[in-house]
Amino acid sequence: MTPRLWAAVTLVALVVAVAVVAALRVPWSAPPSPRADQLAALQSLPADAVARGRAFHGALRPGTYGSMAIGLLLALVLGLTPAGAWLVEQAGRPFGGHWLARALLGGLAVVFAGELITLPFAAWRQSVLRDYGLSTQGWGGWAGDVLKGYAVGAVVGAIALVGFFTITHFAPRWWWVWGAAGAAALTVLFSFVFPVLVEPVFNKFTPMEQGELRTSLMALAQRDGVPVRDVLVADASRRTNALNAYVSGLGPTRRIVVYDTLLRDAPPAEVEAVVAHELGHAKFKDVFTGTVVGALGAAAAVCAVYLLGSWTGLLRRAGLDSIADPRAIALLMAVATLAGLAAAPLQSVLSRRIEARADAHALEVTDDPSTVERMEERLATTNLADVDPPRWEYVMFASHPSVVERMAAARAFARGER
Ligand SMILES: [Zn+2]
């Protein structure tokens, strides 16, 4: 068998593996959330809060989708014309066009061209957040975050670019094997180190203070059969008024994090309801599932890129002889951008199913649907949610069920519908 045939067989096997893992670990259907209850929930929400959430999202949309469109356009122009290859050559020039310089500097030039062209949209977004009082951050702090984001992106990008093109350089025939294994390994490693290396760049995390709330949260986790060493509090208030909590990390780095804004603004019973949702993620090992799917997906993407390399028409269009050449970075970015957009609806629906399961878990563990519903209402009002977003946006990008769906699920639970 030729390397190409092996790569095709491996790609099929990886895609099947992703489908099997998703089918086994993501619920096939969401818990009941009747539309009649959704509409009743919508009626019960304060009308001015609903209107404010709609107006806020209406104000964000032009920037969000404008940024997406410009980013896509740039990726296509650089990737599907010789412009991208030219940019990579220029970046490697001070080093005599050495392949390593092209991979690292050329790669970062392509990535940062995208960041730079969408920067005005990011600033626009921040000004909307400030206008609506959601952001508590001045422009200095915001710029600092942007720079930190670039620094993290540069480090992660450098590791991926140098790793990938070192492999293609030294294993010209079988690079896809090592590349696929490396991409999967990096994904797993990143999941482990993200909470300890990346999150602290942006926030400070402190163990939750001893006291009644901490004791009751630890007891809740104990009752739930989810061992939690600690609940960490993030100093989110330096940036936002939004309320949130999340789980990240794997094994020894797994942690439940709550925003300090949540402790400041929500009564203890509602904080418990939020943490019960996060315990659901921990219990069902959703971070682990995401990591496995991500690792298999990354390996599949490397195989797909290798196979794409035999499409000579595409290479010629981008002014390339080989897809394994650092000059192909812009083409790879264009393909990744298109693939990301195409996969968004699938990724979103899987995420929504996982989130709905965590919601159901919160209802079961607390057995207090009215508190869960009040918590949803508080989060929606404070975070300026679009409580019942346009259908197309929901299908394409919503990572969570809508607020009215979540409230309706609590109402159905209260009636004993499971
Ligand atoms: Zn969640």
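Observations on the model:
- Carbon and sulfur %, accessible surface of the range 259-418 computed with the full protein complex present, 1.4 Å: 60
- Using the rule -39500 (n - 2.57) for each DSSP H run of four or more residues, divided by the residues of the chain, the 222 nm mean residue ellipticity is -23500 deg cm²/dmol.
- Computed 3J(HN,Hα) for the range 270-275, one whole-Hz value per residue from the Karplus formula 6.51 cos²θ - 1.76 cosθ + 1.60 where θ = phi - 60°, is 6, 4, 4, 5, 5, 5, glycine and proline marked x.
- Degrees, to the nearest 10: 83-92 long Cα axis against longest axis of the chain: 80
- For the chain, the longest principal axis of the alpha carbon atoms and the long axis of helix 107-131 meet at an angle near 30°.
- Euclidean distance of C-alpha centroids, the range 134-200 and the range 380-418, integer Å: 33
- Accessible area ranking (1.4 Å probe, heavy atoms, ligands and nucleic acids excluded), largest first, for Glu417, Glu270: Glu417, Glu270.
- Computed over the chain with a Gaussian network model linking Cα atoms closer than 10 Å, the most mobile of Glu278, Glu199, Glu373 is Glu199.
- Sites matching trypsin sites (Lys or Arg not before Pro) across the range 161-245 that sit in DSSP coil, with at most 16 neighbouring C-beta atoms within 10 Å: Arg173, Lys204, Arg229
- Met1 sits with roughly 130 Å² accessible to a 1.4 Å probe, with DNA, RNA and ligands left out of the calculation.
- GNM result for the chain, Cα springs below 10 Å: residue of Val16, Val274, Val231 fluctuating most strongly: Val16
- Scoring 2-8, 252-258 by mean Cβ neighbours within 10 Å over their residues and listing the highest first yields 252-258, 2-8.
- Distances between placed amide hydrogens fall under 5 Å for Val231 paired with Met208, all partners being 5 or more residues away or on another chain.
- Crossing angle, helix 329-366 versus the chain [Cα axis fit, 0-90 degrees, rounded to tens]: 20
- Sorted into 10 angstrom bins from 0, the C-alpha pair distances of the range 149-271 split as 11, 32, 26, 16, 11, 3, 0 percent.
- Amide H to amide H distances under 5 Å link Ile323 with no residue, where only residues 5 or more positions off or on other chains count and H is placed in the peptide plane.
- The chain - percent relative contact order, Cα under 8 Å, separation 6 or more: 29
- Here the Karplus curve 6.51 cos²θ - 1.76 cosθ + 1.60, taken at θ = phi - 60°, turns the phi angles of the range 47-55 into couplings of 4, 5, 5, 4, 5, 5, x, 5, 5 Hz, with x standing for Gly and Pro.
- Where labels lie 7 Å past Cα in the beta-carbon direction, separation of Arg264 and Leu189 in nm: 3.8
- Probe 1.4 Å, accessible area per residue of the range 250-341, Å²: 39
- Magnitude of the charge dipole for the range 52-203, about its Cα centre and with charges confined to Cβ atoms of Lys, Arg (+1) and Asp, Glu (-1), is about 240 debye.
- Whole-Hz ³J(HN,Hα) from phi, Karplus 6.51 cos²θ - 1.76 cosθ + 1.60, for the range 189-198, glycine and proline x: 4, 4, 4, 5, 8, 3, x, 9, 10, 9
- Centroid-to-centroid separation of the range 247-271 and the range 42-76 [C-alpha atoms, Å]: 26
- GNM result for the chain, Cα springs below 10 Å: residue of Ala40, Ala101, Ala385 fluctuating most strongly: Ala40
- Student exercise, the range 315-418 dipole from Lys, Arg, Asp, Glu Cβ charges, in Debye to nearest 20: 420
- In a reduced charge model with +1 at each Lys and Arg Cβ and -1 at each Asp and Glu Cβ, the chain shows a dipole moment near 1120 debye about its Cα centre.
- The peptide list 241-249, 391-399, put in order of mean Cβ contacts within 10 Å with the highest first, becomes 241-249, 391-399.
- Toward the positive end of the charge dipole of the chain, with +1 on the Cβ of Lys and Arg and -1 on the Cβ of Asp and Glu, the farthest Cα among Leu74, Pro268, Ala410 is that of Leu74.
The values are calculated or read from the model by the stated rules, or taken from the named source; none is laboratory data. It should be emphasised that the depicted structure is a prediction, and the values quoted were computed from it without experimental measurement. Glycine also receives a Cβ, built like all others from the backbone with ideal geometry; neighbour counts cover every protein chain displayed. Ligands, DNA and RNA are excluded from the accessible area calculation, which covers all protein heavy atoms including side chains. Shrake-Rupley method; radii C 1.70, N 1.55, O 1.52, S 1.80 Å.
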